[in-house]
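Everything on this sheet refers to the single structure shown next.
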Amino acid sequence: MYKKLTIFSIIFVIVDQLIKLIISNFVSYQSSINIVPNFFYITNVHNDGAAWSILSGNVILLALLGVIALVLIYYFFLKDKTLSKLETFLYSLLIGGIIGNLIDRIFLGYVVDYIGVVLINYYFPIFNFADIGIVISILMMIILGIKEEYACKKLK
């Protein structure tokens with residue numbers, strides 16, 4: 001289980017870092033490329049905070065929180081546990097996403113964000129591939145937890 005989790009996490013980090021490298025080298029800082037008008041665009045921005053620039057300027061704190069999150073995930077959710085294939089994949093997304101953004105924070109002092117989405121004239125905060133992995137994994141784990149809780153209550 002740990003072997004697959006590690007391999008998937010490393011692959012995710014490599015893909016994340018490659019995309020960020022491509023964006024940083026081919027899209028000028030703070031410039032945009034409109035992909036789908038009024039819906040999807042690529043913009044190279046640097047975020048020295050967390051989501052929605054929360055805790056902006058606190059790079060060391062955010063890096064420490066990332067390391068703490070990885071330790072807690074291992075200790076409370078992975079250590080001595082048997083995971084399903086889906087759980088292994090979801091934890092790989094989560095860990096890979098955290099590590100991808102952690103690498104940026106440590107080596108750049110900010111996270112490279114580039115995905116812009118507009119829905120009903122609302123411009124969502126610009127995000128990246130690592131963020132997608134983190135959000136999808138957490139949402140899916142919540143859904144799985146609710147589904148499991150519902151199944152347990154149904155058996156009682």
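The values are calculated or read from the model by the stated rules, or taken from the named source; none is laboratory data. Small disclaimer: the values here were computed from a predicted structure and weren't measured. Every residue, glycine as well, gets a Cβ built from its backbone with ideal geometry; the counts of neighbours run over all protein chains shown. Only protein heavy atoms, including side chains, enter the accessible area calculation; ligands, DNA and RNA are left aside. Shrake-Rupley method; radii C 1.70, N 1.55, O 1.52, S 1.80 Å.
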**Prompt:** What are the residues in the range 3-28 that are surrounded by fewer than 17 Cβ atoms within 10 Å (Cβ to Cβ), in contact with a strand residue (DSSP E or B) (Cβ under 7 Å, 6 or more places away or on another chain) and in a helix (DSSP H, G or I), if any?
**Reply:** 24
**Request:** Please go through the range 45-58 and pick out each residue that is open to solvent by 60 Å² or more (accessible area, probe 1.4 Å) and in contact with a helix residue (DSSP H, G or I) (Cβ under 8 Å, 6 or more places away or on another chain).
**Result:** 46, 55
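Which one of 91, 75, 41 is in a helix (DSSP H, G or I) and farther than 18 Å from residue 140 by Cβ?
Of 91, 75, 41, the one residue that is in a helix (DSSP H, G or I) and farther than 18 Å from residue 140 by Cβ is 75.
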**Request:** Out of the residues in the range 59-72 that are in contact (Cβ under 8 Å) with a residue 24 or more places away in the chain and out of contact with any Gly (no Cβ under 8 Å at 6 or more places or on another chain), state the one that is most open to solvent (accessible area, probe 1.4 Å).
**Result:** 67
**Message:** Is it the case, given these coordinates, that residue 129 is open to solvent by 80 Å² or more (accessible area, probe 1.4 Å) and in contact (Cβ under 8 Å) with a residue 12 or more places away in the chain?
**Reply:** no
**Message:** Out of the residues in the range 103-114 meeting the condition of being in contact (Cβ under 8 Å) with a residue 24 or more places away in the chain and either small (Gly, Ala, Ser) or open to solvent by 20 Å² or more (accessible area, probe 1.4 Å) (or both), tell me which one is nearest to residue 35 (Cα to Cα).
**Reply:** 110
